[in-house]
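Undergrad: Structure incoming, see below.
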Amino acid sequence: MLIRAYRKLFLLIFILAGIFFIDGGPSYGAVSDFDHLRAESTRIKTLQADFVQKKFMKILSKPLISEGCFFYVAPDSFRWEYYKPLKSIAIAHKNKTKRYIYSRGKLVEDKMGGAQAMNIVLSEVSGWMSGRFDQNPSFRATIHKNADTRITLTPAGRSMTGMIEKIEITLSPKSETVKSIKIFEGSDNVTQINFNNVKLNTVVHPSVFQDVP
Amino acid sequence: MKKLSLFILFLFLFSCRTMPAINPPDDSTDKNLFSCPDPFLKEGYRFIHAIEYRTAGHPGNSMIGVTVADPVLRSLSCAIMTAEGMVLFEAETASDGIKISRAIPPFDSEAFAENMIDDIELIFMKPEGNLRNIGYLADGSKDCRYREENGSVTDVIENKFDGMEIKRYSSSGELKRHVLLNKTTNPYQSIELLADETFDYSLLMDLIEAQPVKKQTFKRK
């Protein structure tokens with residue numbers, strides 16, 4: 001059961017990873033926009049960024065702030081890491097996926113199904129990695145272009161029922177990178193992730209994807 | 001000799017899991033000066049803890065827990081989320097019981113919600129039951145014993161060296177919960193809860209943030 005929850009969780013993480021492959025650009029018709037994304041994604045070899053995550057909930061008087069970083073190397077190496085308030089690392093590399101959680105003062109491998117779920121999800125997200133945003137059966141994607149470009153992802157089937165209502169991705173019109181992501185888990189349960197220090201096609205040291213000792 | 005060792009071990013384990021005797025204060029002076037250990041909240045507070053959850057025979061998992069507790073109204077709200085921010089469980093006490101607003105498997109059973117609210121109440125709220133015994137345990141720890149309406153018993157213990165403890169016994173005298181609170185100025189800085197259930201579990205809670213709150217909620221019945 002927890003695996004099911006983690007599967008969705010990691011699908012979400014990889015959606016976020018896939019979101020980086022969205023690139024702002026000239027406006028096209030609905031079909032051309034996604035074709036444009038697919039074409040642009042081919043030029044991304046490596047990607048890294050820091051992020052600040054704000055969790056808004058009714059129970060919180062102020063948002064819970066989390067900080068972390070993200071690495072990607074084509075075609076399928078990921079690292080999604082939180083520094084605080086609770087350390088955790090998810091790594092996918094060479095068809096192996098692992099998740100580490102902070103326990104009794106150190107990072108230990110999560111044996112509760114998180115990594116297993118990631119393996120399942122990897123097959124689902126391969127489409128995202130090649131920019132096929134509109135071809136993932138789990139979500140419907142629409143693009144709205146005004147001052148900012150906003151992509152809205154809504155669950156297509158029942159797999160996300162009760163977990164995610166929608167995801168909104170706002171792109172910066174000038175820098176052509178993702179400005180923010182909002183994940184709506186419920187009307188008063190929203191996660192906002194702001195990315196900064198985004199580096200495209202710079203060297204990522206291989207140790208980033210190695211097992212955490 | 002081996003049999004004797006086993007017998008001593010059995011006695012030790014048995015004595016740890018059943019209600020110990022409380023020796024009343026020696027004289028009337030001591031009795032008058034005796035004050036019960038009271039680590040419980042005096043005003044509404046919001047806590048955010050890093051929680052490590054362990055079940056018997058399984059490795060732990062870490063989560064973030066948010067608790068809002070009002071000791072005056074005896075109201076509680078709580079949420080559990082993953083390190084990544086996904087909310088797995090959210091509930092609050094209401095006038096007609098527990099109102100669950102979100103529960104993702106394996107946190108979607110009624111028993112889980114009941115246990116969780118009861119555990120939080122045990123940690124943060126002063127026992128509602130009648131104070132039945134005060135005094136000292138065999139090791140010199142100060143102990144106040146409350147008997148709840150449902151027959152269960154709660155011991156609130158202060159040890160000079162180990163900090164505060166809360167123990168909840170079933171009506172038949174079996175130890176069901178054991179809470180250890182940090183021996184610092186803030187007892188909620190570090191909390192350990194051990195639960196004796198069909199599937200035993202433990203919670204290790206380390207404080208991330210605490211702030212006083214004033215919130216109108218309803219008392220659970």
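Read-outs throughout are calculated quantities, based only on the coordinates presented, and are distinct from any laboratory measurement. The shown structure was predicted, so the numbers you read here are calculated from the model rather than taken from an experiment. Please note: Cβ atoms are built from the backbone with ideal geometry, for glycine as well, and neighbour counts cover all protein chains shown.
Undergrad: Mind checking A:48-59 for the average number of partner chain beta-carbons within 10 Å of each residue's beta-carbon? Each step should come with its number before you reach the end.
TA: Values: counts 0, 0, 0, 0, 0, 2, 1, 8, 0, 8, 6, 14.
Per-residue shielding by partner chains comes out at 3.
Undergrad: Residue-wise, which Karplus ³J(HN,Hα) couplings in Hz belong to the range A:73-78, taking 6.51 cos²θ - 1.76 cosθ + 1.60, θ = phi - 60°, and x for glycine or proline?
TA: Whole-Hz 3J(HN,Hα) from phi for the range A:73-78: 10, 4, x, 8, 9, 10.
Undergrad: Which whole-number percent is the relative contact order of chain B (Cα, under 8 Å, 6+ apart)?
TA: Relative contact order, chain B: 24 percent.
Undergrad: Here's something else I'd like to know. About the Cα centre, and with charges only on the beta carbon of Lys, Arg (+1) and Asp, Glu (-1), how big is the dipole of chain B? Nearest 20 debye, please.
TA: The calculated dipole for chain B is roughly 280 debye.
Undergrad: In whole Hz and in residue order, list the ³J(HN,Hα) couplings for the range A:52-69 that follow from phi through the Karplus curve 6.51 cos²θ - 1.76 cosθ + 1.60, θ = phi - 60°; x for Gly and Pro.
TA: 10, 10, 10, 9, 9, 9, 4, 6, 9, 7, 9, x, 7, 9, 10, 10, x, 8
Undergrad: A 26 angstrom limit on the alpha carbon distance is what I want to check against. Which of A:Lys45/A:Lys166; A:Lys62/A:Lys166; A:Lys58/A:Lys87 exceed it?
TA: A:Lys45/A:Lys166
Undergrad: A further question follows. Need the list of aspartates and glutamates near A:Lys96 for cross-linking: C-alpha distance under 19 angstrom, and skip anything on the same chain fewer than eight residues off.
TA: A:Asp76, A:Glu81, A:Glu109, A:Asp110, A:Glu124, A:Asp211
Undergrad: Separate question: Could you tell me which residue out of B:Ile51, B:Phe40, B:Ile208 lies farthest along the dipole of chain B toward its positive end? Charges go on the beta carbon: Lys and Arg +1, Asp and Glu -1, centred on the Cα centre.
TA: Towards the positive end, the residue furthest out is B:Phe40.
Undergrad: Ranked from highest to lowest mean number of other Cβ atoms within 10 Å per residue, what is the order of the peptides B:175-183, A:67-75, B:157-165?
TA: Taking the mean over residues of other Cβ atoms within 10 Å, the ranking is B:175-183, A:67-75, B:157-165.
Undergrad: Please rank B:Arg46, A:Arg140, A:Arg79, fewest neighbouring Cβ atoms within 10 Å first, as an exposure proxy.
TA: A:Arg140, B:Arg46, A:Arg79
Undergrad: Can you work out ³J(HN,Hα) from phi for every residue in the range A:186-196, in order, using Karplus 6.51 cos²θ - 1.76 cosθ + 1.60 and θ = phi - 60°, giving whole Hz and x for Gly and Pro?
TA: x, 4, 10, 9, 10, 10, 10, 10, 10, 9, 8
Undergrad: Another question about this same structure. Using R₀ = 56 Å, calculate the FRET efficiency as 1/(1 + (r/R₀)^6) where r is the Cβ-Cβ separation of B:Thr18 and A:Lys45; round to 0.05.
TA: That gives a FRET efficiency of 0.30.
Undergrad: Right, here's the next one. Hey, got the average number of other protein chain Cβ atoms within 10 angstrom for residues in B:73-84?
TA: 5
Undergrad: Also, quick follow-up: For the pairs B:Lys142/B:Lys167; A:Lys106/B:Lys167; A:Lys54/A:Lys179, flag any whose C-alpha to C-alpha distance is greater than 21 Å.
TA: A:Lys106/B:Lys167
Undergrad: As an exercise, take the mean of 1/r over every pair of distinct alpha carbons in the range B:55-214, invert it, and state the Kirkwood radius in angstroms. The partial results should precede the final answer.
TA: Working: mean 1/r = 0.0593 Å⁻¹.
Taking every pair of different Cα atoms in the range B:55-214, averaging 1/r and inverting gives 16.9 Å.
Undergrad: Once amide H atoms are placed 1.01 Å from N in the peptide plane, what residues at a sequence separation of 5 or more from A:Ala156, or on another chain, have their amide H within under 5 Å of its amide H?
TA: Under 5 Å from the amide H of A:Ala156: A:Phe139, A:Arg140.
Undergrad: Let me ask you something else. Under a 5 Å amide H to amide H cut-off, with H placed in plane at 1.01 Å, what residues pair with B:Ser101 once short-range neighbours are removed?
TA: Here B:Glu90, B:Ala91, B:Glu92 satisfy the definition.
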